[in-house]
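Computed from the coordinates by the stated procedures, all read-outs in this text should not be read as laboratory data. The structure displayed is predicted, hence computed values, not measured ones. Glycine also receives a Cβ, built like all others from the backbone with ideal geometry; neighbour counts cover every protein chain displayed.
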C-alpha cells in the first residue's frame, strides 16, 4: 500500500510489517517543507496505533537523505506566523513508540543528522556526509541535539560539530555511535532492510517496552530541550546574523558576521 502527501514529496509504503517513509524531493535535495514534516509526523503517529506495523523505516533518495529545511518555506512560515513555527515532526519522532530504522545515503544536513539521534537503528552508505550547520546560519541546534549529542560523544566533540558546523563522513559517524554500521552504497539498502526485517520479527511488545525503558530516564529532559531550543531558534530566525546567513546562501557567498 502506498500513500503520498499530495505533492509526492513524501512516499509512504506499508509492506511486510514495515512502514517505509521516503523523503522524495530529489530536485531540492529532499529539503523539508511544512507539508512534508506534517506528513511524516502523521505517518509515525499512525504507525504507533497500527498493530500490523512493527517498525518505521526512514529513507531519502539514492544521493541524499535530506539537506535540511527548505529555507524559503521555513522563512515564509515564520513571516506568516509572526516568527512562530511549531514543527509537528520534532515531538513526534522523539516520542515514537515503535522503533525507527534510518538508512542514510548521501547528505544528511541539519535535521537530517539530528533526527538520527532519535532513531533506534541507523545505517549509512560509505559516501554519506553529515553536518550540523545551525550556528553557521546564525541559529541554534534543534531536536534536543544540544542534550543528546554531548551525551553520545562527549562535550568537546559535540562542541566541535555544533559550534564549527563542519561536515563529517560516515566512518566518523560510526565511530561516534551515531550510526550502527556503514555499507558500500550498492549494498546499503538491502543490508539495512535485512536488519529492519530482523527487528520486525522480534516480539513486538518486548521491543516497544524495551525502547520505552531505554528512553524513559531522559524523556522529560528531551521534551524540555526540544521546547527550549525551538524558542531560541524562533528568536534567532529574526536576528540580523540569520538574515545575513540566509542572504549569503541565496547569493552563494560567504556570510560576514564581523559586525554582529
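Across segment 135-163, the residues whose backbone nitrogen lies under 18 Å from the label position 7 Å along the beta-carbon direction of residue 241 are 135-143, 145-147, 159-163. Can you tell me the 0 to 90 degree angle between the C-alpha axis of helix 34-49 and the longest principal axis of the chain, rounded to 10? In the chain, helix 34-49 runs at an angle near 30 degrees to the longest axis. An oblate overall shape is assigned to segment 90-150, the ratio a/c of its alpha-carbon gyration tensor axes (a ≥ b ≥ c) being 1.5 or greater and a/b not exceeding b/c. Taking the number of Cβ atoms within 10 Å of each Cβ as an exposure proxy, the fewest-first ranking of 174, 129 is 174, 129. Contact order, relative form, for segment 134-232: 39 percent (alpha carbon pairs under 8 Å, 6 or more residues apart, mean separation divided by residue count). Across all directions, the average flat footprint of the convex hull enclosing the Cα atoms of segment 203-260 is 6.9 nm².
Angle, helix 240-251 long axis vs. longest principal axis of the chain, Cα atoms, 0 to 90°, nearest 10? Relative to the chain, helix 240-251 is tipped by roughly 80 degrees. With both residues required to sit in the chain, DSSP beta bridges show an antiparallel share near 35%.
Ranking of 33, 210, 234, 113 by neighbouring Cβ atoms within 10 Å, starting from the fewest: 210, 234, 33, 113. For segment 28-155, the square roots of the Cα gyration tensor eigenvalues, ordered a ≥ b ≥ c, give a/c below 1.5, which places it in the rounded category. On the basis of the beta-carbon distance and an R0 of 41 Å, residue 159 and residue 205 show a calculated FRET efficiency of 0.55. Against the chain, whose longest principal axis is taken from its Cα atoms, helix 204-215 shows a tilt of about 30°.
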